1. If I ask for residues that are touching a residue at least 12 places away in the same chain (Cβ under 8 Å) and either surrounded by fewer than 15 Cβ atoms within 10 Å (Cβ to Cβ) or hydroxyl-bearing (S, T, Y) (or both), which ones from region 79-89 would you list?
2. Would you point out the residue of region 132-158, among those that are β-branched (V, I, T) and at pLDDT below 95, that is least open to solvent (accessible area, probe 1.4 Å)?
3. Being farther than 21 Å from W259 by Cβ and at pLDDT below 90 is the filter; apply it to region 118-131 and report the residue that is most open to solvent (accessible area, probe 1.4 Å).
4. When you go through E247, E253 one by one, which is the residue that is under 18 Å from the mean Cα position of the chain (by Cα) and closer than 16 Å to S282 by Cβ?
5. Which ones in region 210-234 are touching a Pro at 6+ places or on another chain (Cβ under 6 Å) and either charged (D, E, K, R) or in a loop (DSSP other than H, G, I, E, B) (or both)?
6. If you go through region 256-265 one residue at a time, how many are under 12 Å from L120 (Cβ atoms) and over 18 Å from the mean Cα position of the chain (by Cα)?
7. For the subset of region 159-197 comprising residues that are open to solvent by 30 Å² or more (accessible area, probe 1.4 Å) and outside any helix (DSSP H, G or I), which member is farthest from L33 (Cα to Cα)?
8. What are the residue pairs meeting all of these: first residue in region 198-209, first residue closer than 13 Å to K254 by Cα and part of a loop (DSSP other than H, G, I, E, B), second residue modelled with pLDDT under 95 and open to solvent by 50 Å² or more (accessible area, probe 1.4 Å), Cβ atoms under 8 Å, and 6 or more apart or on different chains?
Amino acid sequence: MPEWTLGYPVYSLDGALLLPAGTTLSEERLHALISSGGAAEQPKTPFLRFGTIEEDIRYFVGEPPGNSIFSNEKDLDEVIELMGRIRFARPILDSVEYFKKNDPYTYRHILMVFALSTLLSKNLVPDYQLRVREAETGPLHDFGKICVPIDILRKTTPLTRDERKNLEHHTMAGYLLLCYYSQEVGNLAARVARNHHEKRNGLGYPRGIRLDDRMVEIVAVCDIYDALTSRRPYRPVSFDNRSALEEITIMAEKNEVSWEVVQALVAHNRKGKPHFTECSVSLEKRGVTPPNNLYGVLSA
């Protein structure tokens, strides 16, 4: 990987400092981090059997707009079956429990992105084994947020520039932590964590690369969609479903996200559930931004 200097530290969930701020990353430094420990040899537990995760997923997808997207019971059963094959070591499971206790917004978000990305992969990833790998990335895309102070994640007023940079740090932190715990450089879940805010036109973060990875894009679009349609600390009212889909369509028009992934998302929002290749995405814009939306607004 090209050298990268960390602006903020990377901690494990138990508070151990793995990399201090100012660390210059290189292949050698990354391999040293991986060799220092991890969870690759730890016993793994089925994700849906941990705590109330399956119950919570079923509850969350039963609320709007999930109840429309998952209105076909067969789709939900297939998604649950595939998600049931996912197993994680204890540090991964502990991170989910951490968010459940400290940041319910993020907890709900990672489970919804898990469900949505697993559903879209049914259309966009024909190979079943690849679909399982894709599903595994869903609940891990925001893993690096364990390195972001809770008061930033839950802040209801505009972020400062430093707080915004600290929040964006979750992408690289997630990549490093997932490499550390898996003891594997650049595995799929780690790549998704690092790249899910990159864009096809190269105007995303953290590295400003041109995103051209279908597996990452599925999670990226589901991440944006759920962020728009759910309540957030910085926005008391969510986007209505049409407005959210229009926002994502605008992103596709700007070549920020893939048209095919957007088509798949829109298709699952249609009553007849057409195949995504037969789904025509409306370019008409009638949606409105909800009031008091502070996303992207920085304090002086």
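The values are calculated or read from the model by the stated rules, or taken from the named source; none is laboratory data. On a predicted model such as this, the values are computed, not experimentally measured, just so you know. No Cβ is skipped: glycine too gets one built from the backbone with ideal geometry, and neighbour counts run over all protein chains shown. These accessible areas exclude ligands, DNA and RNA; they are computed on the full protein's heavy atoms, side chains included. Shrake-Rupley method; radii C 1.70, N 1.55, O 1.52, S 1.80 Å.
1. Answer for region 79-89, where residues must be touching a residue at least 12 places away in the same chain (Cβ under 8 Å) and either surrounded by fewer than 15 Cβ atoms within 10 Å (Cβ to Cβ) or hydroxyl-bearing (S, T, Y) (or both): G84, R85.
2. So in region 132-158, the residues β-branched (V, I, T) come out as 132, 137, 146, 148, 150, 152, 156-157.
Okay, now just the ones that are also at pLDDT below 95, so 132, 137, 156-157.
Numbers: V132: 29, T137: 1, T156: 86, T157: 75 Å².
Ranking the candidates gives T137 first.
3. Within region 118-131, the match that is most open to solvent (accessible area, probe 1.4 Å) is Q129.
4. Details: E253 fails: under 18 Å from the mean Cα position of the chain (by Cα).
Unique residue meeting the criteria: E247.
5. Selection gives nothing.
6. Counting residues in region 256-265 that are under 12 Å from L120 (Cβ atoms) and over 18 Å from the mean Cα position of the chain (by Cα) gives 2.
7. Ranking the candidates gives T160 first.
8. Once the first residue is closer than 13 Å to K254 by Cα and part of a loop (DSSP other than H, G, I, E, B) and sits in region 198-209, its partners that are modelled with pLDDT under 95 and open to solvent by 50 Å² or more (accessible area, probe 1.4 Å) give R200/D212.
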